[in-house]
Each structure stands twice: as C-alpha cells, then as structure tokens.
Amino acid sequence: MLTTAAALVAPLLVLAIVLVLAVQSAPAVTRFGPGFLFGTSWNPVTLEFGALPFIVGTLASSAIALALAVPVGVAVALVLAEPGARGLRGAVGTGVELLAAIPSVVYGVWALYVMAPFVYLHVEVPVVQRLGWIGALSGPPRQTSLFTASLVLAIMVLPTLGAISRDVVRAVPKGLRESAVALGATWWETNWKVILPAARGGIFGAGVLALGRALGETIAVTMVIGNRPDVPASIFAPAYTLASVIANEFTEATGPVYPAALLELGLVLILVTFAINLLALLLVRRSVEPAR
Amino acid sequence: MPARNVWRRATSSLARGAVYGLTAVALIPLGLVLWHTVVNGLPAATHVDFFVNVERPVGIPGAGVAHAIVGSAIMVGIASAVAVPLGVVSGVNLVEFGGGLARAVRLAADVLVGAPSIAIGLFAYVLFVAPFHHFSGMAGALALAILMLPVVIRTTEGAVALIPAGLRESGLALGLPRWRVALQLVLPAAAPGVITGALLAMARAAGETAPLLFTGFGNRFWTVDPTQPMSALPLIVFHDALTPYPSLQQQAWGAALVLVAAMLVINLASRWVVRRQQRFAGQL
C-alpha cells in the first residue's frame with residue numbers, strides 16, 4: 001500500500017506540474033488568448049507580451065544544434081556498437097558519459113569565455129565576409145549569438161544522441177551484420193546499407209529525444225545566446241529562448257500579468273517537451289525492445 | 001582484383017576514417033572544457049580563503065565560496081533525503097510488482113527526466129516560495145528533489161532487474177512474503193547499483209542552476225538555515241561569470257572547477273561500482 005503510494009509520486013508530479021503552470025498562467029492566457037503565441041513584441045513596460053521571438057529562438061537553436069550533432073552522434077554510436085576494439089570503445093564510452101556529466105553552467109562559462117571568442121574570430125567573421133550576402137548568414141558577427149548557442153547545445157545533446165543511438169544500433173540483430181559480412185560487404189557497406197537502415201527508426205527517436213533536451217536547456221544557452229527578444233534575421237544575430245527569458249526575467253517580474261506571461265512560456269515549453277519526449281520514447285522503445 | 005572492388009574498399013576505408021574522425025571530434029569539447037576549467041579555475045581554487053570565506057565586495061581580497069559549498073551540500077542533502085527513499089521504493093516496486101501501474105510510473109519517470117529544469121523551478125516557486133513570500137533553501141532542495149526522483153527510480157529499477165530470479169524464488173520458496181523478498185533479499189543484493197544511481201542523481205542535482213534561480217535564489221552571506229535564501233556553487237558560477245569584474249570571473253571559474261572535480265569523482269567511482277556489480281551478477 002505504502003509502496004504503491006510512493007510509486008504514484010512520479011505520475012502525479014507530471015500531472016501536477018502541468019496543472020500548476022496552467023492555473024498560474026491563467027491571467028496571461030485569458031488576457032492574450034492564442035495571439036500570445038504569435039505576438040512579436042515583448043514589452044513588460046507596456047504589458048505587451050508576445051511569445052514568437054522566444055518560440056522561434058528555441059526552435060532555431062535546437063534545430064541547428066541537432067543538424068550539427070546528429071552526424072557526430074551516429075558516428076559515435078557506430079564506433080561504440082562495433083564488435084571488437086574493447087579498449088577504444090571503453091575510452092569513447094567513458095568520454096561521452098563524462099560529457100553528459102558536466103553541469104550546464106560549466107558549459108556556459110566555457111562557451112562564453114573560450115568558445116565564443118574563438119568561433120567569432122575563426123568562423124563568424126570569415127563566413128560573414130565571404131557569404132554575408134546570404135540573408136541567414138548576414139552580419140554583423142557577434143560573440144553571443146544564435147549560432148554560438150546552437151554550437152554549445154550541439155555539444156550538450158551529443159551524449160544523449162550517442163548513448164541512445166548506440167543502444168539502438170546494438171539492438172540490430174547480429175545475424176544481419178554477419179550475413180552482410182559473409183556476403184562480402186565492406187565495413188562501410190555493412191554499416192551504411194544494412195545496420196543504419198535497420199536502426200533508422202530508433203536513431204530518429206534518439207534525435208527527437210535530444211531535441212527535447214535541447215529545447216529545455218537553460219543556463220548555458222542563456223549565457224551565450226545574446227538575450228534579445230526579436231525574431232532573429234540571421235544565425236549570427238542575438239536571439240532568446242523560452243527557457244532563457246524565464247531564467248532572466250522571472251525574479252524581476254512584478255504585477256499580475258508579467259509573471260503569468262512568463263509562466264505561460266513555461267507551460268508552452270513543458271507541454272512541447274513532454275509531447276516530444278513521449279514521441280521519442282515510443283520510437284526508441286519500438287526499435288530496442290523486440291531484440292531483447 | 002577488379003577495379004570495382006578496389007573502389008569499394010577505398011570508399012569503405014575512407015568512410016571508416018571519417019566515422020572515427022567524427023568520434024574524435026565528439027571528444028574534443030570534453031578535453032577543452034576540462035582543460036580550460038582547470039587552468040582558469042586553479043588560481044582561485046588554490047587559495048585557502050576560497051574554501052573558508054564567503055563572498056566579498058569586488059576589490060576586497062580574501063573572498064571565498066564557503067557559503068555556496070555548504071549551501072549546495074545542504075540543499076542536495078535535503079533533496080536526497082526526500083528523493084532517494086521515494087525513488088528507491090518506487091523503483092523496486094516497478095520490478096517486483098509490475099502491472100499496469102508500473103508502466104505508468106516508468107513512462108512518467110522517463111518524461112520527468114526530460115522535463116526542462118527551468119520549468120521545475122517555476123513549479124517549485126509556485127508551490128514552495130510564493131505561499132511563504134520569500135525564497136528559501138528548502139524550496140531549492142525540493143526543486144532538486146523533483147529532478148532527482150526520476151533518475152533514482154530508473155537506476156534503481158535497472159539495478160534490481162539485474163538480480164537473478166533464483167534469489168526471489170528461493171525467498172518465496174522459504175515462505176517469505178513478497179514485500180520481504182523485495183526489501184530484505186533483492187534490495188540488499190542490488191545495493192551497489194542503487195547507491196550508484198543515487199550518487200549520480202545527487203551529482204546531477206549538485207550541478208543544476210536553473211531550478212535554484214527562483215527557489216534557493218542565492219545569498220551573499222553565511223547561512224545553514226534552510227528557511228533562508230541559500231547560495232549554491234552553480235549559482236555562483238552563473239552570477240559571477242556574467243559580471244565584468246576579473247576577480248569575480250576568476251571566482252566563477254574556481255567554483256566551476258570545484259563542481260567539475262566533484263562530478264568527475266562521482267562518475268568515475270560509480271562506473272567502477274557498476275562494473276563490479278555486473279560482474280558479480282554474472283557470477284550469481
């Protein structure tokens with residue numbers, strides 16, 4: 001009886017979090033309606049609250065991060081799932097796990113003081129000089145930008161991608177790999193034409209799970225994204241995410257409407273991440289479980 | 001050899017090189033983050049003052065982060081006292097009793113693991129800060145407990161599932177009720193894995209900043225009273241890193257170094273325990 005009660009805590013927490021945020025954001029929800037999600041102006045002084053800049057910033061930074069991280073994550077998974085080479089696998093596995101253990105705020109300081117200046121000099125400036133005529137790559141380059149945030153996010157979701165893709169690749173029936181090798185397929189043909197197609201669904205699931213992590217990541221992103229509530233015109237422009245604006249403004253928010261608007265951003269964020277996590281779990285489970 | 005096969009082999013070698021190369025790329029940030037944290041953190045973290053004094057105004061020497069270290073310890077301690085027993089019982093329950101409820105709990109734990117920590121912070125603010133009209137270490141601890149819970153549940157479940165069915169069956173054959181089999185036979189056998197999971201969850205909680213921003217809030221002064229606002233190492237890193245003062249930035253790096261060192265120790269130790277546990281379970 002008691003253990004059942006303890007077991008119920010987790011499901012109840014999920015419901016409570018959604019309910020509490022929904023109730024608390026009511027003043028904003030009733031005042032702005034669905035227009036809240038499409039408004040482009042965020043001005044606490046005039047009580048204008050539109051969430052679009054944050055939604056775009058969150059989606060854009062996560063999408064760029066995934067585009068950068070997925071190829072690397074799949075490569076890590078292939079290496080980790082390869083038969084043989086135990087020493088190498090152990091080292092790579094430990095490394096990826098430690099990457100996951102480093103606190104977000106440490107990535108934040110590192111990104112702010114080490115990565116951002118380097119990326120500014122060696123990536124942003126040359127790219128803007130040569131390709132600045134392309135709208136999405138136009139300048140001026142900045143150290144704290146959507147691109148910098150995406151880069152640090154890519155590093156941070158890599159362990160999730162790598163570890164889950166590894167499980168998925170390992171769950172591919174051994175016979176497939178062996179048949180391919182027996183038919184004379186090379187290493188690349190085995191992996192590219194047999195293993196990866198078989199693991200496709202699960203790797204997609206790993207990507208979706210990583211997306212969920214990226215959307216909700218707060219501190220490191222807050223430190224390097226530039227924190228400007230505008231829809232960014234270029235990847236080198238400063239932006240703002242749902243999580244960052246809550247982190248920066250919630251303790252200063254006064255009156256009934258301003259905190260409620262921030263809580264509504266939190267509600268949007270948590271509903272989206274919950275939905276994405278559920279989808280990802282379904283995808284990953286379907287491709288890992290039948291093999292067990 | 002036909003030209004086509006030469007081509008195939010060359011492609012394969014090239015692609016294999018690229019895959020291993022990308023894997024190396026994945027590990028570069030780890031090396032860089034560790035290196036820069038050590039190099040930039042050592043100047044601050046090699047002073048005794050750093051570990052015994054509290055924050056001081058910019059320009060006054062002898063500043064430290066003792067209050068944040070103690071704050072982190074207290075908040076993570078309270079969080080563990082709440083989350084570990086709940087999570088362990090819940091995790092054992094998942095394996096030993098199963099059923100439809102277990103599926104719901106597993107799903108909820110998986111969804112909670114992925115919940116943005118800032119949203120957990122908002123939730124804790126509404127429940128534990130707003131009604132009392134001031135920030136407190138207690139609210140921070142409870143926010144951290146919510147983050148730890150799903151991790152403890154899932155790692156406990158993993159450790160308990162490794163215990164062979166024979167152990168359960170012998171207990172039941174001797175006439176023990178199921179709850180005693182679960183708590184007195186299975187749980188002790190799984191203890192190393194369970195403890196590891198709890199430690200990993202504590203490490204994760206100790207590194208979290210976002211849920212503390214509007215619960216523990218931070219405090220420039222020494223306090224061990226959880227009803228008061230309380231500082232924590234990640235809060236120091238976050239606030240000090242964003243100031244323009246070199247001495248505070250150095251302090252941020254120092255605090256980051258302390259955090260990273262703690263994470264490394266806990267993670268490497270837990271990997272060692274897990275490996276031993278798996279070998280042990282293999283022999284059983």
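No value in this document is a laboratory result; all are computed from the given coordinates. Everything numeric here is computed off the predicted structure, so don't read it as measured data. For neighbour counting, all protein chains shown are included, and Cβ atoms are generated from backbone atoms with ideal geometry for every residue, glycine included.
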Quiz item: Summing Lys, Arg as +1 and Asp, Glu as -1, what charge do residues with Cβ under 13 Å from the Cβ of B:L233 carry, B:L233 excluded?
Solution: -3
Self-check item: 222 nm mean residue ellipticity, helices alone, for chain B (DSSP H n ≥ 4; -39,500 (n - 2.57); rounded to 500)
Solution: -24000 deg cm²/dmol
Self-check item: Kirkwood Rh and Cα Rg combined as Rg over Rh, evaluated for the protein assembly as shown
Solution: 0.98
Exercise. Please list the radius of gyration and Dmax for the range B:67-283, considering alpha-carbon atoms only, with Å as the unit.
Key: 19.5, 69
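Could you give the Stokes-Einstein D for the range A:1-105 in µm² per second, using the C-alpha Kirkwood radius, 4 °C, 1.567 mPa s?
69
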Quiz item: Which shape class applies to chain A: rounded if a/c is under 1.5, otherwise prolate when a/b exceeds b/c and oblate if not, where a ≥ b ≥ c are the square roots of the Cα gyration tensor eigenvalues?
Solution: oblate
Quiz item: In whole angstrom, how far apart do the alpha carbon centroids of the range B:168-222 and the range A:1-79 sit?
Solution: 28
Exercise. Quick one: compute the contact order of the range B:1-123, relative version, from alpha carbon pairs under 8 angstrom and 6+ residues apart, as a percent.
Key: 9
Self-check item: Residue-wise HN-Hα coupling along the range B:112-121, computed from phi with Karplus coefficients 6.51, -1.76, 1.60 (Hz; x: Gly, Pro)
Solution: 5, 4, x, 5, x, 5, 5, 5, 4, x
Quiz item: What percent do you get for the relative contact order of chain A when only Cα pairs under 8 Å and 6+ apart count?
Solution: 29
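Please compute the average number of Cβ atoms from other chains found within 10 Å of each residue's Cβ in peptide A:186-193.
Across the residues of A:186-193, the mean count of other-chain Cβ atoms within 10 Å is 5.
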Quiz item: How large is ³J(HN,Hα) for each residue in the range B:14-24, as worked out from phi by the Karplus curve 6.51 cos²θ - 1.76 cosθ + 1.60 (θ = phi - 60°), to whole Hz, x for Gly and Pro?
Solution: 4, 5, 5, x, 5, 5, 5, x, 4, 5, 4
Quiz item: Using a Gaussian network model of chain B with C-alpha springs under 10 Å, which one of B:M148, B:M263, B:M202 is most mobile by mean-square fluctuation?
Solution: B:M263
Quiz item: Comparing B:L144, B:L213, B:L174, which has the greatest mean-square fluctuation in the GNM of chain B with Cα pairs linked when under 10 Å apart?
Solution: B:L174
Self-check item: Normalised contact order of chain B, rounded percent, pairs of Cα under 8 Å and 6 or more residues apart
Solution: 26
Self-check item: A:W42 long-range amide H proximity, modeled H, under 5 Å
Solution: A:G50
Quiz item: In peptide A:19-25, what is the residue-averaged number of other protein chain Cβ atoms found within 10 Å of each Cβ?
Solution: 3
Self-check item: Computed label-point distance, nm, for sites A:A253 and B:V52 using a 7 Å Cα→Cβ extension
Solution: 4.4
Quiz prompt | Global geometry of the range B:159-284, whether rounded, prolate or oblate, following the gyration tensor of its Cα atoms and the 1.5 cut on a/c | solution = prolate
Quiz prompt | Choice from A:A214, A:A22, A:A65 with maximal GNM fluctuation in chain A (Cα, 10 Å cutoff) | solution = A:A22
Quiz item: What is the mean number of Cβ atoms from other protein chains located within 10 Å of the Cβ atom of each residue in peptide A:112-119, rounded to a whole number?
Solution: 3
Practice problem: Using a/c under 1.5 as the rounded threshold, could you call the range B:51-160 rounded, prolate or oblate? The axes a ≥ b ≥ c are square roots of the C-alpha gyration tensor eigenvalues, and prolate needs a/b larger than b/c, oblate otherwise. | Solution: prolate
Exercise. Kindly write out, for the range B:87-103 in residue order, the coupling ³J(HN,Hα) from the Karplus curve 6.51 cos²θ - 1.76 cosθ + 1.60 (θ = phi - 60°), rounded to whole Hz, with x marking Gly and Pro.
Key: x, 5, 4, 5, x, 4, 4, 4, 7, 6, 10, x, x, x, 4, 4, 4
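Among residues other than B:G171 whose Cβ falls under 15 Å from its Cβ, what is the net charge (Lys/Arg +1, Asp/Glu -1)? Mind dumping the intermediate values first?
Values: positive: B:R168, B:R178, B:R180; negative: B:E96, B:E169.
Residues near B:G171 contribute +1 overall.
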